[in-house]
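The block underneath contains the structure these notes are about, expressed in structure tokens.
The values are calculated or read from the model by the stated rules, or taken from the named source; none is laboratory data. A quick note: this is a predicted structure, and the numbers were derived from the prediction, not measured. Here the Cβ is made from the backbone with ideal geometry for all residues, glycine too, and neighbour counts use every protein chain on show. Heavy atoms of the whole protein, side chains included, go into the accessibility calculation; ligands, DNA and RNA do not. Shrake-Rupley method; radii C 1.70, N 1.55, O 1.52, S 1.80 Å.
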Amino acid sequence: MLVALVALACVAAAATLIVARTISPNGTADLDEVAYQSQANALAHHELTLPAVTHDPFFRPFLSGIRDDRVVFKYQPLWPGLIAVSDGLSGSTLPLRVLTSMAGVLATAWFAWELLRDARIAIVAGALVAASPFSWVQGASLLGYQLSFVLGTAAAAAFLRSIRTSATGSRLAAGALFGIAVFHRPFDALLASAPVLLAWLWCAARRGSVRRDLGSVVLGGLPFAVLFLAFNQRVMGSLSRLAYNVTGPSDRFGFGWRSSFHVESRSLQIHYTIGRAFSTLGHLFVVLPRFVAFAPVVVVCAAGCAWGRRADPRARLLAAMIIVVVVGYFFWWGVANSYEYRLDRSLGPFYYYPLLAPLCVLAAWGAVSVRRSTVVMIAAVAVGLSWSAVASAVVLIDAHHAGSARTRALTVERAPVSAPSLVFEAPLFANDPYLRVVSDATLARLRLTAVDIAGRRFELLDRFPTRTPFVLRTDQPFGEIFGPPLAELVQLHLLRATAPEARVHVHLSPKQAGTIYVQFAGTPPMLVQSGRGDFVVSVPIRLATPANAETTVTVGVAIAPVGRPAPTAIIGETLDCTSQARTTSHETEILQPCDGRHHYEFPDGTTGTDAEDVAPELQVTFVAG
């Protein structure tokens, strides 16, 4: 049995390694990986939290919050701590991910053995987990669900062992594993272990040893309970308040308007209603089978076993473990959020991952116990293999698409630089406070990425005067609203002049007319000069702002349709370029190149603005006058 389980664990490790190296080498579509790695970087420098004065608002890690004068990470520190250890020992998280993938198979087999004492069932259950795409994609990711699966399943197995042996060591181990699971992801730990805990208490009550047994379990879990409470007190100032709530009150269980962090706009929130909860539950039964090996056979065997052995408390326990997970996450809005962003296609319905172990054990029990003919066995294997081949291919294709998208997003960000650089990266939406790349805990890396906050570039340039500034551009090609972005890393240059000018070169069709305008922040646009076709205009730049106050300078052109006179107001289609500037005691400073915008007016009267490369029709260069 042991040899077979080690072999199955190696199969899971190989699958995880292949997915991690070839399918998603730069991460998955779930940016929670960025949050975990950022927290791991802080822990590697012996920091549970980061000083807000240095990291907020420009370098705030993804999914972190502010408490007092510290940046607090959202997640519990166990998984980020293991990431930091793996990085420190091997320079990679791959060994850690491979080990947790192997542990998932072994924990499931252990659970099956302690419940049923049948080596065949333990091996089949372990094989189903090893062959399930669920374990491949979760094991290969940097998300915390794989560790939660391992700890929850192992804790359940340890409690079953303590029922069987009534040994103090088993109870201590059960308490310790449950304590670690709670320290990592409390809700997952409760869902995975609740039915087993109730069964354990029932058995202890029948033996009349509740006080003794409970004392041993509590003693085993006490060190991790102390760590759990101490961490809460340290980062949140309360023993009972989890860091998970630091990003805002809208990320909680129940129904209503929900979001991962505090946002004002309803368009950025999810209205989680009972109806939506039922629709997401229906979606679970559509998506889950593709992530389970031999899914049609597993469903038939599990259902047959649950019904045929409905009088057996062990079958009822397995069914209860599955139902508790499904019901528990019915009230969690994050399930709908994961479906909204299609994360389940490449990562599976990951909140329900804890049900994989009892499902596979129940199916293995049914498969081993049923009376079967050779024809039935061949048919079952053929159906299972066919399903697994097709479903696994679909999962891996979706995972590859998600991994490729993440790789493309990071290609420019990870472009090599030869000198210390400062990269401005635009937020995903207005008032988005987070970096979408891994945060640097010490702000000392060769490449330092910052959130590009409107009107505050000079603030960072003054703070890091020796770094070469860049801006990460994700503009669309000119005139292509829905085309793929032109991701590029553009170096920023600083012009210092006492009387700067904007040299504006307009490239229109010979019959088109355009009017140049200039606008300073907080002031109405001023029309400068009109022309047709291809023409050049020089515009003096005179800032009327206090010394060292940062402002914006926008230079643009309003375009008239063919055959119409030049615009006399800023209406219709316009192109503009915005730069940040400020005055000092002696001169004006302007950053360039400017940021292009294309303002559309559609035939139905609606308007829209798109960040585009406007250089084909508008070029703005600031020079000393």
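Some observations on this one:
- In order through segment 233-243: 3J(HN,Hα) via Karplus (6.51 cos²θ - 1.76 cosθ + 1.60), integer Hz, x for Gly, Pro: 5, 5, 9, 10, x, 8, 5, 9, 8, 7, 5
- Counting only alpha carbon atoms, the long axis of helix 168-184 and the longest principal axis of the chain meet at about 20°.
- Alpha-carbon centroid distance for the pair segment 363-388 / segment 298-326, whole angstrom: 18
- Kirkwood Rh and Cα Rg combined as Rg/Rh, segment 521-609: 1.02
- Carbon plus sulfur fraction of accessible area for segment 299-362, probe 1.4 Å, in percent: 66
- Dividing the summed helix terms, -39500 (n - 2.57) for each DSSP H run of n ≥ 4, by the number of residues in the chain produces a 222 nm estimate of -15500 deg cm²/dmol to the nearest 500.
- Segment 442-552: translational diffusion in µm²/s, Stokes-Einstein, Kirkwood Rh over Cα pairs, 25 °C, 0.890 mPa s: 141
- For mean projected area of the Cα convex hull in nm², the candidate list reads (1) 28.6; (2) 33.1; (3) 41.6; the entry that matches the value derived from this model is (2).
- Full-stretch length increase - R414, Q491 - with 0.36 nm per residue and alpha-carbon distance subtracted: 26.3 nm
- Along the axis of the charge dipole computed for segment 18-133 (Cβ charges of +1 for Lys and Arg, -1 for Asp and Glu, origin at the Cα centre), the listed residues P57, G81, S132 are led at the positive end by S132.
- 10 Å binning of all Cα-Cα separations within segment 4-97, expressed as whole percents from 0 upward: 15, 39, 29, 12, 4, 0
- Charging the Cβ of each Asp and Glu at -1 and of each Lys and Arg at +1, and nothing else, the dipole of segment 278-392 about its Cα centre rounds to 340 debye.
- Applied to segment 412-426, the Karplus parametrisation 6.51 cos²θ - 1.76 cosθ + 1.60 on θ = phi - 60° returns per-residue 3J(HN,Hα) values of 6, 4, 9, 4, x, 10, 9, 9, x, 10, 10, 10, 8, 10, 5 Hz, with x for Gly and Pro.
- ³J(HN,Hα) computed for each position of segment 60-73 - Karplus, 6.51 cos²θ - 1.76 cosθ + 1.60, integer Hz, glycine/proline x: 6, x, 4, 6, 10, x, 10, 10, 6, 10, 10, 8, 10, 7
- Rg/Rg_ref, segment 362-476, where Rg_ref = 2.2 N^0.38 Å and atoms are Cα: 1.92
- A cysteine counts as unpartnered when no other cysteine's C-beta lies under 4.7 Å of its own; in the chain this applies to C10, C203, C301, C305, C360.
- Rounded to 5, the percent of DSSP beta bridges in the chain classed as antiparallel: 85
- Taking amide H as placed 1.01 Å from N in the peptide plane, the amide H of T468 sits under 5 Å from that of S421, L422, each at least 5 places away or on another chain.
- Heavy-atom accessible area per residue - the chain, 1.4 Å, Å²: 44
- 5 angstrom amide H check on S439, placed H, neighbours 5+ away: S38, F62
- Accessible surface of segment 36-160, 1.4 Å probe, proportion on carbon and sulfur as whole %: 65
- Rolling a 1.4 Å probe over the protein heavy atoms of segment 521-625, with every protein chain left in place, gives an accessible area that is 54 percent carbon and sulfur.
- Loop-located GluC sites (Glu not before Pro) in segment 519-588 whose Cβ has at most 16 other Cβ within 10 Å (DSSP): E587
- DSSP-assigned coil residues among chymotrypsin sites (Phe, Trp or Tyr not before Pro) in segment 377-462, each with at most 11 further Cβ atoms within 10 Å: F429
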